[in-house]
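Undergrad: One structure follows; several queries about it will come next.
The values are calculated or read from the model by the stated rules, or taken from the named source; none is laboratory data. Predicted model, so just to flag it, every value in this text is computed and none were measured. Ideal geometry is used to build each Cβ from the backbone, glycine not excepted, and the neighbour counts take in all protein chains shown. With ligands, DNA and RNA removed, areas are computed over all heavy atoms of the protein, side chains included. Shrake-Rupley method; radii C 1.70, N 1.55, O 1.52, S 1.80 Å.
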Amino acid sequence: SQTIHQWPATLVQPVGSPLSLECTVEGTSNPNLYWYRQAAGRGLQLLFYSVGIGQISSEVPQNLSASRPQDRQFILSSKKLLLSDSGFYLCAWSFNRGNTEAFFGQGTRLTVV
Amino acid sequence: AQSVTQLDSHVSVSEGTPVLLRCNYSSSYSPSLFWYVQHPNKGLQLLLKYTSAATLVKGINGFEAEFKKSETSFHLTKPSAHMSDAAEYFCVVSEAGGNKLVFGAGTILRVKS
């Protein structure tokens, strides 16, 4: 069966510091991978998605970037965090076929202070 | 572009009474639709999905949803609420081509004892 791991679960970082959140998927190959951000009362916003190694699509202009160095690894990064980057970040994967559901990690609560 | 509208940001029911969470979608083609549930500070769990088979879809924990094309609706129901159902619920539509999911703003369900 497939599993998704996302870490860390919580993170407190000062403004201006770098960020690296990691997500890995096991038990499948060539998945679609996603990073979402959830701000209080605002639902889920898709930040990045990837259909293959090195293929990253950005949905919104922002202070973050994503990379997919391996087939089942997806990394969310920032060089300098802003207060507005605080939120709940969720990694997800789906099978690489149309109209299919996504499976989510447990999320990372990021607080920028 | 596809979109979903969750008609209620908050719903409050008493334990043992029916639950109705409303969702309307907009899509230029036959969509796939999903309902997810999120407990506080947790990832999202798939409740059920509609992918052009039976219009009445049964999911986990006694939930079900009915796809009504004429009304562009996909409302989530449960005959009898349990305290453990208190959570946030998201209605989701897959985008054309199926690589991205579009989330509604969410409905917070409160269950009173």
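Undergrad: Ignoring ligands, DNA and RNA, how much accessible area is buried between chains B and A, both sides summed, with a 1.4 Å probe, to the nearest 100 Å²? Walk me through the numbers on the way to the answer.
TA: Working: alone 6160 and 6090 Å², together 10510 Å².
Chains B and A together bury roughly 1700 Å² of accessible area.
Undergrad: Quick one: with all protein chains in place, what share of the accessible area of the protein assembly as shown is carbon or sulfur, to the nearest percent (1.4 Å probe)? Can you show the working numbers first?
TA: On the way: 5390 of 10510 Å².
Carbon with sulfur: 51 percent of the solvent-accessible area.
Undergrad: Follow-up question, since we're still on this one. Give the cross-link partners of B:LYS112 among the aspartates and glutamates, using a straight C-alpha distance below 12 Å as the criterion and excluding same-chain residues fewer than 8 apart.
TA: Excluding near neighbours in sequence, the set is B:GLU15, B:ASP85.
Undergrad: Here is a follow-up. Sort out the exposed loop trypsin sites (Lys or Arg not before Pro) in chain A (DSSP loop, at most 12 other Cβ within 10 Å) and tell me the longest stretch that has none.
TA: A:1-41
Undergrad: In a solvent-free Debye calculation with one equal scatterer on each Cα, what is log10 I(q)/I(0) for segment A:3-112 at q = 0.22 Å⁻¹, listed in the order of the q values?
TA: Calculated log10 I(q)/I(0) at the listed q: -1.24.
Undergrad: Beyond 22 Å, what share of the Cα-Cα pairs of chain B remains, rounded to the nearest whole percent? Don't jump to the answer; show the numbers that get you there.
TA: On the way: 1654 of 6328 pairs.
Within chain B, distances greater than 22 Å cover 26 percent of Cα pairs.
Undergrad: For a quick check of understanding: with a 1.4 angstrom probe and all protein chains in place, what accessible area in square angstrom does B:ASP85 have, to the nearest ten?
TA: Probe radius 1.4 Å; accessible area of B:ASP85 about 10 Å².
Undergrad: Using Cα springs under 10 Å in a Gaussian network model of chain B, which residue among B:GLU71, B:GLU15, B:GLU95 shows the largest mean-square fluctuation?
TA: B:GLU71
Undergrad: Set the Förster radius R0 to 25 Å, insert the Cβ-Cβ distance between B:SER9 and B:LEU46 as r into 1/(1 + (r/R0)^6), and round the FRET efficiency to 0.05.
TA: The pair B:SER9/B:LEU46 has a calculated efficiency of 0.70.
Undergrad: To the nearest 20 debye, what charge dipole does the protein assembly as shown have about its Cα centre, counting +1 at the Cβ of each Lys and Arg and -1 at the Cβ of each Asp and Glu?
TA: Working: 18 positive and 14 negative charges, 34 e Å.
Using only the charged Cβ atoms, the result is roughly 160 debye.
Undergrad: Would you mind checking segment A:90-113 for residues with the amide N under 15 Å from a putative spin-label position 7 Å along Cα→C-beta of A:ALA9?
TA: Once the point is set 7 Å along Cα→Cβ of A:ALA9, A:105-110 turn out to lie under 15 Å by backbone N, inside segment A:90-113.
Undergrad: Counting alpha carbon pairs within less than 8 Å and at least 6 residues apart, what relative contact order, in whole percent, applies to chain A?
TA: 36 percent
Undergrad: For chain B, modelled as a GNM with alpha-carbon contacts under 10 angstrom, which of B:ALA54, B:ALA65, B:ALA87 fluctuates the most?
TA: Among B:ALA54, B:ALA65, B:ALA87, the largest mean-square fluctuation in the Gaussian network model of chain B belongs to B:ALA54.
Undergrad: Reported to two decimal places, what Rg/Rh ratio describes the protein assembly as shown when computed on Cα atoms with Rh from the Kirkwood expression? If you can, show how the numbers build up before the last one.
TA: Details: Rg = 17.7 Å, Rh = 18.1 Å.
Taking Rg over the Kirkwood Rh, I get 0.97.
Undergrad: For each pair in B:LYS49/B:LYS69; B:LYS58/B:LYS100; A:LYS80/B:LYS100; B:LYS49/B:LYS78, compute the distance between the two Cα atoms and list the pairs where it is over 26 Å.
TA: The pairs that break the limit, which is 26 Å between Cα atoms, are A:LYS80/B:LYS100.
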